[in-house]
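Visitor: Supplied in structure tokens, the structure appears directly below.
Where a number appears in this text, it was derived from the coordinates with a stated rule and is not lab data. Values in this document were obtained by computation on a predicted structure and should not be read as measured data. We place every Cβ from the backbone using ideal geometry, glycine too, and count neighbours over all the protein chains shown.
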Number of protein chains: 2
Amino acid sequence: MNFATVIGFSAAILTTFSLLPQTIKTLQTKRTQDISLMAYLILTFGIFLWLVYGIIKNDLPIILANMISLILSISVLSLKIKYR
Amino acid sequence: MNFATVIGFSAAILTTFSLLPQTIKTLQTKRTQDISLMAYLILTFGIFLWLVYGIIKNDLPIILANMISLILSISVLSLKIKYR
């Protein structure tokens, strides 16, 4: 694996799992006042389109990364709607 | 432009600009209590690595999208650190 590939994989792993601490924090505190609903609506729809793109292109890394992101993004979005 | 490309571009635009409403909201309210610091630390470093990846690969769409994302992510992260 060359340097670019290592950087690319690291970037993908970090951005995919970046929503996990927010999901855990929001599950614990049940507070979402400072979180932007519009941000998570746009993000969730964007990640959904990335997943569709991965399925059309039959690209497994794009499909897997965005499935994880979509679950996390929908989690935060649901908590935002529930506890707003 | 075929269907997959339209979906891909739409996905890229949505996920790139998804941080804009959060940046605006946080600038206005100056409240960041419910936002996860760890989430934005991981996200910002992940986006930075995507930018490095784009530069290594000389891939202009990846460079541009992640430059915008990085500015927005650093904005929210700075506000989080300032107003925590």
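Visitor: List nothing, just return the count: lysine pairs in the protein assembly as shown, 8 or more apart or interchain, with Cα separation under 25 Å.
Guide: Here the count comes out as 24.
Visitor: What number, in nm² with one decimal, is the all-direction average of the projected area of the convex hull of the alpha-carbon atoms of the protein assembly as shown? Could the numbers behind the result be given before it?
Guide: Values: hull surface 38.1 nm².
Dividing the Cα hull surface by four gives the mean projection, 9.5 nm².
Visitor: Also: Nearest the rotation axis from A to B, which residue of chain A has its beta carbon, and at what whole-angstrom distance?
Guide: Of all Cβ atoms in chain A, the one nearest the axis gives A:Asp34, 2.
Visitor: Per residue of B:29-37, how many C-beta atoms from partner chains lie within 10 Å of its own C-beta, taken as a mean?
Guide: Working: counts 3, 1, 2, 2, 4, 12, 7, 12, 3.
Mean shielding by partner chains, rounded to a whole number: 5.
Visitor: Copy-to-copy spacing for B:Leu60, label 7 Å out on the Cα-to-C-beta vector, in nm, shortest first?
Guide: 3.3
Visitor: Here is a further query. Output the Kirkwood hydrodynamic radius of region A:10-65, Cα pairs only, in Å rounded to one decimal. Walk me through the numbers on the way to the answer.
Guide: Details: mean 1/r = 0.0779 Å⁻¹.
For region A:10-65, the Kirkwood estimate is 12.8 Å.
Visitor: Just how large is the dipole of region B:3-82 about the Cα centre, in debye to the nearest 20, putting +1 at every Lys and Arg Cβ and -1 at every Asp and Glu Cβ?
Guide: Working: 6 positive and 2 negative charges, 66 e Å.
So the dipole magnitude of region B:3-82 works out to roughly 320 debye.
Visitor: Per-residue HN-Hα couplings for region A:32-41, Karplus 6.51 cos²θ - 1.76 cosθ + 1.60 at θ = phi - 60°, whole Hz, x for Gly and Pro?
Guide: So the J values, rounded to whole Hz, are 9, 4, 8, 8, 7, 4, 4, 4, 6, 5.
Visitor: From the label point of A:Lys30, set 7 Å along Cα to the beta carbon, how far off in nm is each other copy's matching point, shortest first?
Guide: 3.0
Visitor: Would you mind computing, in nm to one decimal, how far apart the modelled labels at B:Ser78 and A:Thr5 are, each placed 7 Å from Cα along Cα→Cβ?
Guide: If labels sit at B:Ser78 and A:Thr5, their model points lie 3.8 nm apart.
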